[in-house]
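Reading through the structure tokens given below for one structure.
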Amino acid sequence: MKKSSFVAMILGTIGGILLAIGMCMTLLPEWNAFKPGVVMGCIGLVVLLIMVFVWRKMENKDPIKISPKTIGATLIGILGALLLGVGMCLTMVWSKMVIGIVIGVVGIVVLLSLIPFIKGLK
């Protein structure tokens, strides 16, 4: 395993755990830890962003260029993840099975559309 991959794995694990614990602290009212959960989740996001920059630097890759295509891909990814999450909530929390499945499948299709959007068709 390359050193850059190992560092990315360690930072990704730490950032992911901090983000997940922060989300649990924020979303579970029984824990009564909303504000500390937000802080911990933000720290997890910062660690994950640092991981991206450290990995790219160790791999001698160019910095990420912000272009309209990058912004579009990000917005498509956010939209797809939100649709998938709303579909899951409708199905599991509010017992709206049919509409939840339909919205979840639409979210999956939107996320799958990222592949040809980013890679292109040949």
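Hey, could you grab the Kirkwood Rh for the range 68-119? Inverse mean 1/r over distinct alpha carbon pairs, Å, one decimal.
Details: mean 1/r = 0.0901 Å⁻¹.
That comes to 11.1 Å for the range 68-119.
I need the semi-axes of the equivalent ellipsoid of the chain: take the C-alpha gyration tensor, multiply each eigenvalue by 5, square-root it, list largest first in whole angstrom. Before the final figure, lay out the partial values.
Details: eigenvalues 163, 125, 27 Å².
That gives 29, 25, 12 Å for the three semi-axes.
Would you list, by chain and number, the lysines whose Cα falls below 24 Å from the Cα of K69, excluding same-chain residues fewer than 8 positions away?
K57, K61, K119, K122
What Rg and what Dmax come out for the range 51-92 when only alpha-carbon atoms are used, in angstroms?
Rg, Dmax (Cα atoms, Å): 15.4, 44.
Provide, for q = 0.14, 0.17, 0.32 Å⁻¹, the log10 of I(q)/I(0) from a solvent-free Debye sum over equal Cα point scatterers in the range 18-62.
Each listed q maps to, in turn, -0.41, -0.51, -0.96.
Coordinate-derived values only; no laboratory data. Here the structure is a predicted model, which means the values were calculated and not measured.
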